[in-house]
Amino acid sequence: LAVEAQIVPAAGDEPPVPTGAARARFLAALRAAHADDLLIGVLMKTGADRQTVDRGELAELVRLTAASPDPWMQLIGVQQQAEAARRDHDLVGAEAILLRGRQRCAQPGAPAYRCITIGRLLGRLYLDWQRLPEARAVLGESLQLARRAGEWISLGALLEDLASLAALSDEIEAASLPLVRAYVAEAIAWMPADPPDGRCARATFGRMQEAMLLIDRLEFAQARRALAGPACVDALDAEGNTNLLHVRGELIGHDSTPAELAALRADIAALRASPALGPAQRIELDQVEGRAIIDREPAAGEALLRRAITAAAGLPSAIMAAHKAAGWSYSILVSAAARRGDGDRALALLGEEQGVAVPARCVLGLAVEDEHRTIVVRDAAGKTINHADAGRTTPAIDAARFVPAAAVGELAGCAVVDVIARAPLHGRSRLLPDAVAWRYLSQRARPVAPASDRALTVADVEPPAALDLPRLASWGAAVGGERLAGPDATPTQVLAAIGRAGEVVIDAHGMVDVAQPDASFLALSPEPDGRYALTTGDVRAARFTTSPLVILAACHSSHAAPTWHTTWSLPAAFIFAGARVVIASTAPIPDGDARAFFDAVRAGMRAGAAPAAALRDVRQQWAARADWVRDVIVFE
C-alpha cells in the first residue's frame, strides 16, 4: 500500500484482475479468513476503476476501515466515502467527510501520504466548488506536508492542482501566467523520465493552462504556439480531452483554417461517442463546437449553445463545469447577436442570463468576449442602438472609458438607466457620468417580498487583532432599530439579523487580498471557531425573507472575483439572497465621511427618490471634494 499510487491495472503478462465469479470467490475467502486489511485493498483494486470501491460494497469497506486500529486504513475509508459523495455531486457531504479526515490527520501517528491525499481531495473539491481561497489554503498545506515527507508522486500532482488554481484565480488579466509556468515546470521535474509519457501528459496539461491564459490576455498567436507540442502515447482521459478541445475551440476564431475547424469537429464527435464522457463534459463540448461555428453557421452554432444552456439548467449547481459552460455560452450568444447588429437579441440574452425583465426603455447592455465589445443602448423612446465593435486590444478594462460618448448621449432623458452587464463588467464603478442616475440589474433567487419596517445597524465590530485593522468611528443604530456590535457582530448573527430587517447598514472593513484574488469580504467579529469573514459564498447561500435595503459602508465591498462565467461579488450575492437594493463601493471609503454620505442617500430615498437617483444627487453634491463617491454604485 505504500506505493499505492503506482498500482495500475494488470497489463502485459501480469495475472488478470479477478472479475465476476472468480472475484466473488476471492472476496468470500478473504472474509472467511477475517483478512480485513487484504479485503480492504481487494475491494478497492478490483472495483470498476481499480481505485475506488464499487457503490454496493462501500458500506462494507467503511465498516472495515472504521474498525481498523491502523490510521492508514481509517483514512482510506474517509477517502473512499468522500470520493463517492463527490461522484454523486454532494459537495457538502464530501466536504464534511474530508474535514473529519483532516481532524484525524491532526492527531499523532497520522500517515503523511494518507493525509496528503485527504488534503488534495479537499483542495480539488474546493476547486470544483469555485471556493478558491479555501482551495489555496488546503493545497498549500498539503504541498508543504508532501515536501517534508518526500512524497514526490503527491508533490507533482499537487503542483498541477496549484497551477489550475492560479489560472482560475485571474481569468481576466491572466496575471498568474508566470506562476502557472513555474508550477508546471516543477511538476514536470518531479516526474521521472521513464516512462516518458508521464512527463508528456504533464507537459500537455501545462501547455493547455498557458494557452488559456494567453487567450485571456488576447495574445492569440502566442497561445497557438504555446499549445503546440507532441501528442502523448497514452490518450488523455475524458476530462483532459474536453479541456484540450476547449482551448482549441477558443483559438478557432483567430487565424484558423477550414482544415483546423474540420479536425476540431471530428475530434469533438469522436469524444462524444465515448462512454466515459460525463454530462458536464457533453455540455462543454456543445459550448466548444457552438463557439467554433457560430460565425460560419449561425443557426447550428446557436442551437448547440442553447442546448448547453438548457442541459446545464437541469443539473445540480454543484456540477460547476456545466454551469461555467452555460455562462460561456451566453457570452458567445450575446457577442454574436451584437456583431450581426441585433441589439434587441443581445439585450434579451443578457436579461435572460440575469433572470431579469429587460425594460422597454433606458437600458444599457454590456459584455465582452475576447476582443469583441458589446454595448447596446435602449433610449428613452425605446429605440435600440447597437455599438458593438472589436476594439479590445488589452485584457484590462477601464470602466470610465468603456461606454462611448455617443452611447451616453443616447441615454439623455432617462430618469434612471438600468445596466445589464455580464462579468467582468457587472459591478464596475464610473461607467456613466456623475450626472446620470444608474443601477445594475442583478439576478435574484425569488421575487421581492413586502419590506419590513425594522432597521438594523452593524457597527463597532471587533475583527481579529492579528489583522491590525484601525477601529472605525462609532455608528449608532437608527431610531427604533436593532444594533449588532462588538462580539455579537459575527457572520452568523449578522446574516440572521439581516433576514429580519427592512433596512440594513453594515459599517465594517471590506477587505481584498491581492495575493489571493477573489471577491471582497467583510471583516466581522469572530465566531467561537475563529471565523470572522462574511464572504460572497456565505451571503449567496442565505435567504432574506424581508427584501431589505442593504448599505455596505465598507471599503472595496463591491470588488468582484476576476471570473468570466458569472458575477461573484458581495452586492450580487446580497441581491440573489433577497435584498431589494444594495449600495456599495468598489474603492476605499474615508471613515470620517461614511455616515454623513450614506445617511444623506437614505434621506433622499425616504423623500421618495429612487435609490439610483438619491445616490446621484448626493454624489453630485460631494464630488467636488470627495472623489471616492464616484465609486459608490447601486444594485437592484
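The values are calculated or read from the model by the stated rules, or taken from the named source; none is laboratory data. Note that the structure is a prediction, hence the values are computed from the model and not measured. As a convention, Cβ positions derive from the backbone with ideal geometry for all residues, glycine included, and neighbour counts pool all protein chains shown. For the accessible areas, the whole protein counts, side chains as well, though only heavy atoms, and no ligand, DNA or RNA atoms are used. Shrake-Rupley method; radii C 1.70, N 1.55, O 1.52, S 1.80 Å.
A few notes on this one:
- Residues of the stretch 84-94 satisfying the condition of being surrounded by fewer than 20 Cβ atoms within 10 Å (Cβ to Cβ) and either at negative phi or free of Cβ contacts under 8 Å to residues at least 40 places away in the same chain (or both): Ala85, Arg87, Asp88, Asp90, Val92, Gly93
- Strands (runs of 3 or more DSSP E) fully within the stretch 521-607 counting 1 or more residues that are open to solvent by 30 Å² or more (accessible area, probe 1.4 Å): 521-523
- Residues satisfying the stated conditions in the stretch 281-340, i.e. surrounded by fewer than 18 Cβ atoms within 10 Å (Cβ to Cβ), more than 21 Å from the chain's Cα centre (by Cα), in a helix (DSSP H, G or I) and not small (Gly, Ala, Ser): Pro298, Arg306, Arg307
- Scanning the stretch 103-130 for residues that are part of a helix (DSSP H, G or I) and closer than 19 Å to Gly537 by Cβ yields Leu122, Gly123, Arg124, Leu125, Tyr126, Leu127, Asp128, Trp129.
- Restricting the first member to the stretch 256-270 and to residues that are over 10 Å from Leu285 (Cβ atoms), and the second to residues that are open to solvent by 60 Å² or more (accessible area, probe 1.4 Å) and in a helix (DSSP H, G or I), the beta-carbon pairs closer than 7 Å and six or more apart or on different chains are Leu264/Arg248.
- Qualifying position, being of a type in the set (A, V, I, L, M, F, W, C), farther than 27 Å from Tyr532 by Cα and touching a Gly at 6+ places or on another chain (Cβ under 9 Å), among Val448, Val436: Val448
- Selection status of Gly382, assigned to a loop (DSSP other than H, G, I, E, B), on the phi > 0 side of the Ramachandran plot and either at pLDDT 95 or above or open to solvent by 50 Å² or more (accessible area, probe 1.4 Å) (or both): yes
- Residues that are within 24 Å of Pro71 (Cα to Cα) and among the hydrophobic types (A, V, I, L, M, F, W, C) were ranked within the stretch 35-52; the one that is farthest from the chain's Cα centre (by Cα) is Ala35.
- Evaluation of Gly391 against the conditions (1) assigned to a helix (DSSP H, G or I); (2) in contact with a Lys or Arg (Cβ under 6 Å, 6 or more places away or on another chain); (3) surrounded by fewer than 22 Cβ atoms within 10 Å (Cβ to Cβ) shows that the sole unmet condition is (1).
- If the condition is being open to solvent by less than 40 Å² (accessible area, probe 1.4 Å), at pLDDT 95 or above and among the small types (Gly, Ala, Ser), then the stretch 407-430 contributes Ala407, Ala421, Ser429.
- Matching residues, the stretch 29-61, being open to solvent by less than 50 Å² (accessible area, probe 1.4 Å) and among the hydrophobic types (A, V, I, L, M, F, W, C): Leu30, Ala35, Leu39, Ile40, Val42, Leu43, Met44, Val53, Leu58, Leu61
- Every pair of residues 6+ apart whose Cβ atoms lie under 6 Å, when the first sits in the stretch 17-34 and is closer than 14 Å to Leu64 by Cβ while the second is open to solvent by less than 40 Å² (accessible area, probe 1.4 Å): Leu30/Leu39
Residues are listed down the side, and each one gets a yes or a no for (1) at pLDDT below 95; (2) of a type in the set (S, T, N, Q); (3) over 20 Å from Ser442 (Cα atoms):
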{"residue": "Asp591", "(1), (2), (3)": "yes, no, yes"}
{"residue": "Val601", "(1), (2), (3)": "no, no, yes"}
{"residue": "Gly604", "(1), (2), (3)": "no, no, yes"}
{"residue": "Ala613", "(1), (2), (3)": "no, no, no"}
{"residue": "Asp617", "(1), (2), (3)": "no, no, yes"}
{"residue": "Trp622", "(1), (2), (3)": "no, no, yes"}
{"residue": "Arg625", "(1), (2), (3)": "yes, no, yes"}
{"residue": "Asp631", "(1), (2), (3)": "no, no, no"}
{"residue": "Phe635", "(1), (2), (3)": "no, no, no"}
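- Reported count of residues in the stretch 572-612, each being among the aromatic types (Phe, Trp, Tyr), out of contact with any strand residue (DSSP E or B) (no Cβ under 7 Å at 6 or more places or on another chain) and in contact (Cβ under 8 Å) with a residue 60 or more places away in the chain, is 1.
- Every residue from the stretch 347-375 that is open to solvent by less than 40 Å² (accessible area, probe 1.4 Å) and farther than 25 Å from Ala308 by Cα: Pro359, Cys362, Val363, Leu364
- For the stretch 431-479, a residue qualifies if it is within 23 Å of Arg606 (Cβ to Cβ) and not in a loop (DSSP other than H, G, I, E, B), and the qualifying residues are Trp438, Arg439, Tyr440, Ala455, Leu456, Thr457, Val458, Ala459.
- Selection within the stretch 376-400 - among the aliphatic types (A, V, I, L, M) and in contact with a strand residue (DSSP E or B) (Cβ under 6 Å, 6 or more places away or on another chain): Val376, Val377, Ile385, Ala388, Ala390
- Residue within the stretch 70-91 that is part of a helix (DSSP H, G or I), small (Gly, Ala, Ser) and more than 30 Å from Arg23 (Cα to Cα) present: no
- Matching residues, the stretch 103-112, being closer than 13 Å to Val78 by Cβ and in contact with a helix residue (DSSP H, G or I) (Cβ under 6 Å, 6 or more places away or on another chain): Cys105, Ala110, Pro111
- Among the residues listed as Arg296, Arg248, Arg306, the single one being out of contact with any Pro (no Cβ under 8 Å at 6 or more places or on another chain), charged (D, E, K, R) and at pLDDT below 95: Arg296
- Taking every residue in the stretch 616-636 that is touching a residue at least 24 places away in the same chain (Cβ under 8 Å) and pairing it with any residue that is among the charged types (D, E, K, R) and assigned to a strand (DSSP E or B), at least 6 positions away or on another chain, the pairs with Cβ-Cβ distances below 7 Å are Val634/Arg439; Phe635/Arg439; Glu636/Arg439.
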